[in-house]
Amino acid sequence: MNVKTLLMVLLLALVVIFALVCVLLTRGEKYAHCRYQTQYILPEHLHSERRWLFADLSQEEIVHVVQYLKSSLGVVLEDASRANPSGNCIYSIDLQLPPKAESLSYLDDRGSRPPRQALAVVYFGNQTHPNVTEYVVGPLPEPTYHRDVTVEKYGRQVPYYCRPPLIAEYKQMEVFLHSAVFPKAPSFMQEVLGYDGTNVAAMTTSPRGLKSGDRATWLVLFQNVTGYFLHPIGLEVLLDHSNLDSSQWNVKKVFYNGQYYRDFTQLEREFTEGRVDVEKVKKVPVDGDFSSMKPRTDHAEQGPLNYEVSEPRYHVRNNQIQSSSWNFAFRLDLSRGPHLFDIRFKGQRIVYELSVQDTMSVYGSNNPGGMLTRYMDASFGIGKHTYPLVRGVDCPYSATYLDVSSFFEAEKPRVTKDAICIFEQDLGSPLRRHYSKINSIYYGGLPGTALVFRAVSTVGNYDYIWDFVFYPNGAIESKVHPTGYISSSFLYGSGLDYGNKVGGHTLGTIHTHFFAFKVDLDVGGVKNSLVANDMAFEKVKTPWSPDNEIFQMKMTKKVLDTEDKANFHLHDKMPRYIYFEANSTNKWGHKRGYRIQLISFAGDHLPEMDPMERAVSWARYKLAVTKRKEKESFSSSIYNQNDPWTPTVAFADFIDNEDIVDEDLVAWITTGFLHIPHAEDIPNTVTVGNSVGFFLRPYNYFDEDPSIHSPDGVFFTSKQDPTSCDVNHIACLPKTAACLPNFPPFTYEGFQDLARL
């Protein structure tokens with residue numbers, strides 16, 4: 001190669017390098033990280049330190065309550081995580097809400113601050129008459145008094161057998177099975193199940209018996225693998241654990257492959273004699289095989305993301321969420337889950353309380369554990385069973401994540417990292433829009449966005465995603481997305497009458513889901529009435545042609561003036577417009593109101609003749625409106641699960657035909673769906689098509705749609721240049737959004753505390 005050719009090659013190489021550098025520099029400039037140059041300013045009135053009265057207990061407050069109870073109750077309180085049924089221990093400590101009247105007086109600058117108090121649930125197993133007692137403890141943070149409120153709340157003492165089992169009791173049940181029960185049938189366990197002491201897992205069922213006072217649980221056994229809920233082995237054990245001495249527990253019945261046995265001794269004897277109908281199940285690998293949630297393919301490329309190109313347009317301060325339109329306080333109740341308080345739109349209170357109350361599932365099966373099951377999840381703890389959320393999956397990656405402090409079955413408070421997330425969501429469709437080419441030519445629209453408050457509960461096999469969604473038109477949506485694993489039974493005999501086959505020996509059992517909410521609307525003040533609007537056709541003579549008749553549609557209106565008129569059973573016909581009405585009027589002379597709109601396709605909850613039905617009588621009604629009372633604060637009780645035959649709270653008793661015109665009213669809402677599991681529920685049930693809930697929508701509350709004042713609105717005419725940023729802010733997006741989001745590093749702390757079931 002001569003010198004001239006070499007120089008040409010070098011020159012060409014330099015040109016290529018220069019071009020590459022220019023491309024890289026240009027690309028770096030084009031995809032720079034988003035710079036948040038301006039702080040999103042919120043009106044000062046949206047934040048109030050007074051809402052701290054709704055905040056969950058701090059770690060410091062919890063520690064002081066524990067210390068106070070240990071020094072004041074006159075008994076030795078064990079660590080609940082290691083307590084025996086015969087011991088005394090603190091089950092839980094949570095916030096005791098102040099009465100509404102006192103709260104409103106304080107919030108609205110008319111009264112003094114209510115004392116901050118805790119509610120402690122204490123198990124007294126080491127007494128002549130074992131019981132569960134609830135104490136109000138205060139004032140916080142330095143308590144000086146406690147008051148027994150058990151009889152005041154429930155009208156009687158709470159028997160000890162009503163108590164939710166401690167994690168320690170579940171562990172003792174498991175130990176009892178492996179140490180005292182399974183060894184009585186060694187040949188059966190080894191030859192049929194290949195039992196090695198670790199490869200069998202037990203799942204609890206509820207209720208625990210057939211009458212008040214029982215504490216006997218059907219334990220359904222599965223292969224101990226990932227997603228064990230889908231791998232039943234055909235063996236179920238009825239364990240009586242009512243005795244406070246666990247060494248005195250005993251097996252009352254054994255079920256295997258369609259046959260019942262008195263105990264494991266009988267099962268072993270009949271097996272060795274060849275009189276047991278054996279159905280061996282295929283051993284599943286530890287990863288669960290078809291029950292594994294591990295993706296069946298490798299990750300390819302990143303999907304679409306939701307993120308802010310500027311500062312988030314909401315603020316989180318202590319226990320408050322604030323945006324330019326909405327502000328509210330929140331907490332996470334241990335038993336019931338998410339609770340929102342003092343919800344205001346543009347500074348006006350719309351809702352005093354919006355909260356989850358309970359969830360319930362009734363199962364069907366030809367196996368004993370499945371046929372008896374009526375799960376009432378408040379007893380297990382909807383708020384207790386929250387765990388760290390996963391960025392980018394459970395919530396948008398750039399969402400704001402909040403920690404929650406709590407105390408249950410422990411010696412010290414727990415902190416659940418990232419238990420709640422808040423984010424503003426692009427809905428992907430306009431909130432409203434119109435294109436006009438008649439008379440005037442223009443386009444007007446508003447991108448659909450909403451502020452979302454989310455928490456997720458994992459109660460056993462099911463996961464519940466709780467969303468509270470706030471829209472710029474003054475509407476609030478409350479919904480739940482169920483997902484997780486189905487609960488299954490061993491498939492034998494007439495099993496297909498109770499569901500679909502989803503595995504070799506796995507029956508996906510038919511069941512229902514019901515979700516209870518409390519909505520304390522305060523529309524234009526605390527005094528409201530319930531009004532129903534609907535439609536009717538009437539035959540009228542045609543005004544311009546009297547010889548002809550037409551059916552004309554008209555609006556109907558009715559005030560539902562008593563509680564008996566204001567409750568609607570699940571399958572009752574309900575007025576299509578039903579709303580809380582204020583005494584004040586809007587600009588057009590209409591009483592201001594907020595409408596309740598349900599989204600539900602519930603099955604039947606339980607026949608009212610069922611002796612357990614009163615414990616879940618809230619599920620009779622898709623909507624029931626009652627006069628608000630402090631003694632009717634919750635529609636269910638954590639004790640109903642373990643004694644549904646004599647429930648401590650029976651919601652049906654709330655409805656006693658009181659007058660509800662111009663009163664402080666509460667709407668109790670039930671939504672749900674029937675679930676018949678099928679192949680596509682494996683490995684997990686998806687949220688698509690299963691979400692249920694309700695809307696609270698303004699109905700003549702405003703003079704116009706308040707979202708018309710949103711700065712996100714777009715409008716341009718045929719005489720304007722829609723590509724100009726001055727005319728249309730969307731035209732600026734290629735510039736303002738041409739940046740990479742400032743995502744924090746991915747972290748996850750969900751495996752730090754594995755003590756909870």
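The values are calculated or read from the model by the stated rules, or taken from the named source; none is laboratory data. What you are looking at is a predicted structure, and each value in this text was computed from that prediction instead of being measured. Neighbour counts run over all protein chains shown; Cβ positions are idealised from the backbone, glycine included. What goes into the accessible areas is simple: the full protein's heavy atoms, side chains included, and nothing from ligands, DNA or RNA. Shrake-Rupley method; radii C 1.70, N 1.55, O 1.52, S 1.80 Å.
Contact annotation: residue pairs with Cβ atoms under 6 Å, 6 or more positions apart or on different chains, pairing a residue in the range 631-651 that is under 19 Å from G209 (Cβ atoms) with a partner that is surrounded by fewer than 19 Cβ atoms within 10 Å (Cβ to Cβ) and of a type in the set (F, W, Y), are T648/Y154. If you go through the range 377-399 and keep only what is in contact with a helix residue (DSSP H, G or I) (Cβ under 9 Å, 6 or more places away or on another chain) and open to solvent by 30 Å² or more (accessible area, probe 1.4 Å), you end up with just F380. Here G138 passes the criteria (1) more than 24 Å from V459 (Cβ to Cβ); (2) free of Cβ contacts under 8 Å to residues at least 24 places away in the same chain except the one numbered (2).
A quick yes/no check of all residues on (1) among the small types (G, A, S); (2) over 30 Å from W618 (Cα atoms); (3) open to solvent by 70 Å² or more (accessible area, probe 1.4 Å):
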residue: I676; (1), (2), (3): no, no, yes
residue: N684; (1), (2), (3): no, no, no
residue: V688; (1), (2), (3): no, no, yes
residue: S691; (1), (2), (3): yes, no, no
residue: F702; (1), (2), (3): no, yes, no
residue: S707; (1), (2), (3): yes, yes, no
residue: P711; (1), (2), (3): no, yes, yes
residue: C739; (1), (2), (3): no, yes, no
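In the range 412-432, the residues that are farther than 10 Å from L402 by Cα and touching a residue at least 24 places away in the same chain (Cβ under 8 Å) reach residues that are in a loop (DSSP other than H, G, I, E, B) and among the small types (G, A, S) with C-beta atoms within less than 8 angstrom, at least six apart or across chains, in these pairs: F423/S398; F423/A399; D426/G448; L431/G448. The set of residues in the range 201-229 being open to solvent by less than 10 Å² (accessible area, probe 1.4 Å), more than 20 Å from Q266 (Cα to Cα) and among the aliphatic types (A, V, I, L, M) is empty. From the list V132, V121, the one residue that fits, being at pLDDT 95 or above and more than 28 Å from W52 (Cβ to Cβ), is V132.
With the condition kept exactly as written, say whether any residue in the range 142-149 is without any contact (Cβ under 8 Å) to a residue 40 or more places away in the chain, assigned to a strand (DSSP E or B), among the charged types (D, E, K, R) and open to solvent by less than 40 Å² (accessible area, probe 1.4 Å). No, there is no match, as no residue in the range 142-149 is without any contact (Cβ under 8 Å) to a residue 40 or more places away in the chain, assigned to a strand (DSSP E or B), among the charged types (D, E, K, R) and open to solvent by less than 40 Å² (accessible area, probe 1.4 Å). Considering every residue within the range 262-282, establish whether at least one is touching a Leu at 6+ places or on another chain (Cβ under 9 Å), closer than 28 Å to T685 by Cα and in contact (Cβ under 8 Å) with a residue 12 or more places away in the chain. Within the range 262-282 (the criterion being touching a Leu at 6+ places or on another chain (Cβ under 9 Å), closer than 28 Å to T685 by Cα and in contact (Cβ under 8 Å) with a residue 12 or more places away in the chain), the answer is yes, since at least one residue qualifies.
Condition first: polar (S, T, N, Q) and either open to solvent by less than 10 Å² (accessible area, probe 1.4 Å) or assigned to a helix (DSSP H, G or I) (or both). Now tell me which residues in the range 635-663 satisfy that. Matches in the range 635-663: S635, S636, S637, N640, Q641, N642. The criterion of at least 2 residues that are closer than 22 Å to I599 by Cβ and touching a Leu at 6+ places or on another chain (Cβ under 9 Å) is met by the following strands (runs of 3 or more DSSP E) wholly inside the range 664-757: 665-675, 692-699.
Where strands (runs of 3 or more DSSP E) sit wholly within the range 528-584, those with at least 2 residues that are surrounded by fewer than 15 Cβ atoms within 10 Å (Cβ to Cβ) and either under 29 Å from the mean Cα position of the chain (by Cα) or of a type in the set (V, I, T) (or both) occupy 529-542, 545-559. Checked against (1) over 26 Å from P159 (Cβ atoms); (2) touching a helix residue (DSSP H, G or I) at 6+ places or on another chain (Cβ under 7 Å); (3) in a helix (DSSP H, G or I), E191 passes all but condition (2).
Among the residues of the range 585-611, which ones are in a strand (DSSP E or B) and buried (at least 17 other Cβ atoms within 10 Å of the Cβ)?
K591, R592, G593, Y594, R595, I596, L598
Taken as a whole, the condition of being over 14 Å from G125 (Cα atoms), over 24 Å from the mean Cα position of the chain (by Cα) and open to solvent by less than 40 Å² (accessible area, probe 1.4 Å) applies to E61. Against the numbered list (1) under 25 Å from F330 (Cα atoms); (2) open to solvent by less than 20 Å² (accessible area, probe 1.4 Å); (3) touching a strand residue (DSSP E or B) at 6+ places or on another chain (Cβ under 6 Å), Q96 comes up short only at (2). Take Y154 and tell me if it is more than 27 Å from V286 (Cβ to Cβ) and touching a helix residue (DSSP H, G or I) at 6+ places or on another chain (Cβ under 7 Å). Judged against the criteria, Y154 is not a match.
Being outside any loop (DSSP other than H, G, I, E, B), crowded, with 20+ Cβ neighbours inside 10 Å and more than 27 Å from the chain's Cα centre (by Cα) is the requirement here; does R614 meet it? Considered against the rule, which asks whether it is outside any loop (DSSP other than H, G, I, E, B), crowded, with 20+ Cβ neighbours inside 10 Å and more than 27 Å from the chain's Cα centre (by Cα), R614 comes out as no. Taking the listed residues Y135, Y123, Y161, Y154, the one that is buried (at least 21 other Cβ atoms within 10 Å of the Cβ), among the aromatic types (F, W, Y) and under 20 Å from P647 (Cβ atoms) is Y123, with no other qualifying. Residues in the range 64-83 that are outside any helix (DSSP H, G or I), in contact (Cβ under 8 Å) with a residue 24 or more places away in the chain and buried (at least 17 other Cβ atoms within 10 Å of the Cβ): L73, L77, A83.
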